[in-house]
Amino acid sequence: MARLQTIEKTDMTERQKQIYDEIVSGPRGQVRGPLSIWLYRPELADRAQRLGQYCRYDTSLEPRLSELAILTTARIWDAAFEWQAHVPHALAGGVDRSIVDSLYADQTPSFVSKDEEIVYRVTREINITRQLSDNTYNQVVKILGVEATVDLIGLLGYYALISMTIKAFDIPSIEDKS
């Protein structure tokens, strides 16, 4: 059970209700997981959900690449809620099932495309070593370009925040909520 419970809408302040309504009316369509925790601080929820909207829907990365980065980050952090929330999006976005299965087993996937391989490498390297080697940096910029590299690092920072929130507040997996 989560350390903080979702705030009931009837118990929310006007600002919390406003942010809640903005989130629900956007592409997410619902407030759950980390967003439900961030609502305790509506300004954080507002800014984080706006950043999240950009990272999920508006970057220069193809959904296949952004979802691969999200799943890889969720696996590194063992953030079951985020993993379960994004597997369907990853598959719909074009991530091959064999890659998802390898990530789930905490094994290095076999990649066919260089862009997927470099997204995986950058995600692992920056999350695990807390730095990016010159070699990896040069490869990601060569393969994805500067703008997509900036978007990728921003997305990884956002999903690290999500993963930290999941772990700190013990947000249960989606399956555990039934």
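The values are calculated or read from the model by the stated rules, or taken from the named source; none is laboratory data. Predicted model only: the values in this text are computed from it and were never measured. Note that each Cβ is placed from the backbone with ideal geometry, even for glycine, and that neighbours are counted across all protein chains shown. The accessibility values were calculated without ligands, DNA or RNA, using every heavy atom of the protein model including side chains. Shrake-Rupley method; radii C 1.70, N 1.55, O 1.52, S 1.80 Å.
Data table
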read-out	value
Residue tally, condition loosely packed, with under 12 Cβ neighbours inside 10 Å and hydrophobic (A, V, I, L, M, F, W, C), over segment 121-147	2
Cβ-Cβ under 6 Å pairs, at least 6 apart or on other chains, segment 13-27 side at negative phi and of a type in the set (Lys, Arg), far side part of a helix (DSSP H, G or I) and open to solvent by less than 60 Å² (accessible area, probe 1.4 Å)	Arg15/Pro42
Extreme residue, nearest to Tyr57 (Cα to Cα), among residues of segment 74-120 that are crowded, with 17+ Cβ neighbours inside 10 Å and among the aromatic types (Phe, Trp, Tyr)	Trp83
Residue match in segment 120-130 (condition: of a type in the set (D, E, K, R) and without any contact (Cβ under 8 Å) to a residue 12 or more places away in the chain)	yes
Considering residues of segment 38-56 that are more than 29 Å from Ala148 (Cα to Cα) and touching a helix residue (DSSP H, G or I) at 6+ places or on another chain (Cβ under 7 Å) only, the residue most open to solvent (accessible area, probe 1.4 Å)	Pro42
Filter result for Val150 (open to solvent by 70 Å² or more (accessible area, probe 1.4 Å), under 23 Å from Arg50 (Cα atoms), under 17 Å from the mean Cα position of the chain (by Cα) and modelled with pLDDT of 95 or more)	yes
Subset of segment 7-37 [surrounded by 15 or more Cβ atoms within 10 Å (Cβ to Cβ) and among the polar types (S, T, N, Q)]	Gln16, Ser36
Residue check for Leu71: modelled with pLDDT of 95 or more, of a type outside the set (Ser, Thr, Tyr) and open to solvent by 10 Å² or more (accessible area, probe 1.4 Å)	no
